[in-house]
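**Student:** For reference, the structure I am asking about is given below.
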Amino acid sequence: MTTRADARRARASTLGRPPLVLVVPGGIAAALLVLPLVSLVLDTPWGGFLDQLRTQAVRDALRITALASAVTVVACLLLGTPLAWLLARVDFRGRALLRAAVAVPLVLPPVVAGVALVSALGRNGLLGSVLRDTTGVTLPYTTTAVVIAHTFVSMPFYVLSVEGALRASGERYDVVAATLGADRWTTFRRVTLPLAMPGVLAGSVLAWARSLGEFGATITFAGNYPGTTQTMPSLIYQTLQADPEVARTLSMILLVASVAILAALRNRWLTAP
Amino acid sequence: MADGAVSTASTAGLTAHILVPDRLDAHLVAAPGEVMAVIGPNGAGKTTLLRALAGLVPMAGSLTVAGRSWTDPPVLVRDRNVGLVFQDQSLFPHLSALDNVAFGLRARGVPRAGAEATARSWLARFGIAELAARRPRELSGGQAQRVAIARALAPDPALLLLDEPFGGLDVGVATTLRVELARHLASYAGIALLVTHDALDALTLADRVLVLDEGRVAQTGSPQEVAARPRTDHVARLVGLNVIREDDVFRSFSPSAVTVSLGQPEGSARHRWRGTVVSAAPHGDAVRILVAADRELIADVTPAATAELGLVPGREVWLSVKETAVRTYARAPG
């Protein structure tokens, strides 16, 4: 560490001071990113912190958010891992197209994702109407809808992370396993997946983080009903008008969770080269 | 080769015509227990041959091992009973040495306890029982290659394929491992194919040598035959002989039989060449010089003569060899 700091000082002394034309805009950008978070921490009414967590609405929202994000991660593991494997290992027609389609929700505005979900699974949606006519079940405005919305927006993070890990570890060890008599399922279980585990963990954390903050798609597709579809972000949005203090407390909880995620991923992405 | 060996091979051994378009067209026959060295220059198709036998490269032609066809109908890699040893070992990085060796047995349905016991005994045979719990990154190159060979042998393959197993190892380690491998191959009942760049491997480990050149079999025979009567420049270079092809015969002679002079040699020497020294390097007690004439030739001269004649790269020299030092043999195999 000392040597790296020394090297930096030595470089500064040989190359001169950083120019103001870079320092000033860089400083403004940093302030823009840091100040709102600092204000949130300072504004949080720490005195009533625990009391505010005891209301029914908050407890429901916490429960739904925790449930939705947990189910989302499980859905990613069970469904997203096979999809990532197919994209990385099986040469089928339309693979490039499918990979592009999988990435779309990454850049899609969440509200648009919600509208898309309504048109597919809504009461009169493409699949939703069939579901309603055959079983009488409708998805919108249920906790299931929350989970579906969360999975929809989170899955791409997981799939792309795992697919990247599968590609990086390559097919070499799959070939070795085949020469040792292993079928593809055995190879997947004992070789491919263990070697891709860093990608699986990173993808799970990313998916979980995305689910935790999900707001737009959820409120569009599942609504904002306390006790069934109201998640933490929805509750924050709602309380900000009536009771800003509670909104800040709830935001603080999500901030702490986000920072915890960042700390978990620190070694992966935040280590300077 | 005796006819008996061929007929044995065709029922219990290996009979193959490996056809990979533009890369390989090779017939080979091997008897059970036989160790065949595959040698040839880079790009001759050695690795392609191994990969085709393992099923990793699509091939036409035919392949029968131990009385069962692997090509008609095609047999998947995992169902061919092969053991493949890669030059870079390719040990599973997330598994211990023991789990690596047990992998093939587990994959073929042997229960864990039995597979581990067998794997332990294989590690013991290679003298590395105490390394069972180590991960590949905690092993030296020689240790890792022992694990890789044990992993390939543990499921008792019908065909053991070794792709330059000593490549990338220190000379001392390679020498030790070569002796160990010879011992294991002696007690191995299946067919072993060993791709190598090293004449020593072929001479010490193999019962038979298969010389590949440009995707075709240029020569097969016992190591002694191939070394004494090489039919390709590559093998001649490997065993340190000069070989000249003339119409329907080969003529070979040792580099120590070559006389080097600055002026045109007088006397009766029938074989003489004018050329330029390309390189000079110590070779045992002598200096081996490579001369580019109308073909490349090697000559061994004393260090004193090297200095006296000024044999540095670029020097124009004459080479000659007496007829009595030249061995002549028919070009067609047989």
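**Student:** I'd like to check which strands (runs of 3 or more DSSP E) are fully inside the range B:1-112 and have at least 3 residues that are in contact with a strand residue (DSSP E or B) (Cβ under 7 Å, 6 or more places away or on another chain) and away from every other protein chain (no Cβ under 14 Å).
**Tutor:** Hits in the range B:1-112: B:14-20, B:24-30, B:35-39, B:60-65.
**Student:** Right, something else. Would you check if residue A:129 is open to solvent by less than 40 Å² (accessible area, probe 1.4 Å) and away from chain B (no Cβ under 14 Å)?
**Tutor:** Criteria met by residue A:129.
**Student:** Within the range A:158-175, which residues are part of a helix (DSSP H, G or I) and either touching a Phe, Trp or Tyr at 6+ places or on another chain (Cβ under 6 Å) or within 11 Å of chain B (Cβ to nearest Cβ) (or both)?
**Tutor:** If the condition is that a residue be part of a helix (DSSP H, G or I) and either touching a Phe, Trp or Tyr at 6+ places or on another chain (Cβ under 6 Å) or within 11 Å of chain B (Cβ to nearest Cβ) (or both), then A:169, A:172, A:173, A:174, A:175 are the ones that fit.
**Student:** Restricted to the range A:176-185, and to residues that are part of a helix (DSSP H, G or I) and surrounded by fewer than 20 Cβ atoms within 10 Å (Cβ to Cβ), which residue is nearest to the other protein chains (Cβ to nearest Cβ)?
**Tutor:** Ranking the candidates gives A:184 first.
**Student:** Suppose we filter the range A:141-163 for residues that are open to solvent by less than 40 Å² (accessible area, probe 1.4 Å) and out of contact with any Ser or Thr (no Cβ under 9 Å at 6 or more places or on another chain); how many remain?
**Tutor:** 2
**Student:** Of all helices (runs of 4 or more DSSP H) completely enclosed by the range A:1-97, which ones contain at least 2 residues that are under 30 Å from residue A:194 (Cα atoms)?
**Tutor:** In the range A:1-97, A:56-75, A:81-89 are the helices (runs of 4 or more DSSP H) which contain 2 or more residues that are under 30 Å from residue A:194 (Cα atoms).
The values are calculated or read from the model by the stated rules, or taken from the named source; none is laboratory data. Here the structure is a predicted model, which means the values were calculated and not measured. We place every Cβ from the backbone using ideal geometry, glycine too, and count neighbours over all the protein chains shown. Side chains included, ligands, DNA and RNA excluded: accessible areas come from the protein's heavy atoms. Shrake-Rupley method; radii C 1.70, N 1.55, O 1.52, S 1.80 Å.
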